[in-house]
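To start, the structure under review is shown below, and the notes come after it.
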Amino acid sequence: MGKMGSAGVSLSDGKGGHLSLEYESGSTEILPRWSEDGSLESIHVEAKLTANLAEPNTDTLHITDKDFLSQMEQALSQDMEEKITALLSLSSSLDADFLGLKAHLRQSDAEKTAALNDDWLKKAIFTLECETKISYTRELGDRMSAEGGEK
């Protein structure tokens with residue numbers, strides 16, 4: 001839908017503990033790829049999200065480590081990619097544009113969008129890219145920088 005409200009996810013820290021993280025905000029771009037003949041080749045979805053640490057049940061020393069935070073960001077990105085892929089698959093299988101994809105296509109090229117077959121959504125090929133940044137944490141307060149890692 002292009003915007004995101006708050007949503008939570010729990011991840012293993014890989015060391016016997018877990019982290020509860022909260023998606024704080026996000027945005028999505030829908031980028032159609034048109035072929036030279038005017039047909040729709042694919043729809044690329046770019047999602048950018050920010051998250052924060054809601055509740056650690058782990059050693060706070062390693063959660064301030066940049067490499068560890070990068071691993072957590074990758075895990076969050078994978079989680080969101082799975083959720084977005086499931087939604088796109090559902091929309092396609094039902095042939096129901098409840099995500100408003102056609103409106104995004106129309107913004108790109110109204111003429112090409114108008115020429116799409118009725119079953120365009122069932123045949124649509126999607127690619128997806130998701131980037132998540134852990135921006136801050138309520139639990140660690142001033143010990144955590146805006147870029148992740150300890151100050």
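Every number in this text was worked out from the coordinates using simple rules, so none of it is lab data. Only a predicted model underlies this, so the values are computations on that prediction, with no experimental measurement involved. FYI the Cβ positions are ideal-geometry reconstructions off the backbone, even for glycines, and counts take in every protein chain you see.
Here the gap between Glu111 and Asp95, fully extended at 0.36 nm per residue and compared with their Cα-Cα distance, gives a gain of 3.6 nm.
Cβ crowding within 10 Å ranks Phe126, Phe98, Phe68 as Phe98, Phe126, Phe68, fewest other Cβ atoms first.
Going from the fewest other Cβ atoms within 10 Å to the most, the residues Leu40, Leu87 appear in the order Leu87, Leu40.
In this simple spin-label model, placing a label point 7 Å from the Cα along the Cα-to-Cβ direction at both His18 and Asp118 gives a separation of 4.7 nm. Here the Karplus relation 6.51 cos²θ - 1.76 cosθ + 1.60, evaluated at θ = phi - 60°, turns the backbone of segment 88-100 into coupling constants of 5, 5, 4, 4, 5, 5, 7, 6, 10, 8, 6, 8, x Hz, with x for every Gly and Pro. In a fully extended conformation the segment linking Thr85 and Ile125 would gain 13.3 nm over its present Cα-Cα distance, using 0.36 nm per residue. By the count of other C-beta atoms within 10 Å, a proxy for reagent exposure, Asp79, Asp95, Asp37 are ordered fewest to most as Asp37, Asp95, Asp79.
Here the Karplus curve 6.51 cos²θ - 1.76 cosθ + 1.60, taken at θ = phi - 60°, turns the phi angles of segment 110-119 into couplings of 5, 5, 5, 5, 4, 7, 5, 5, 4, 9 Hz, with x standing for Gly and Pro.
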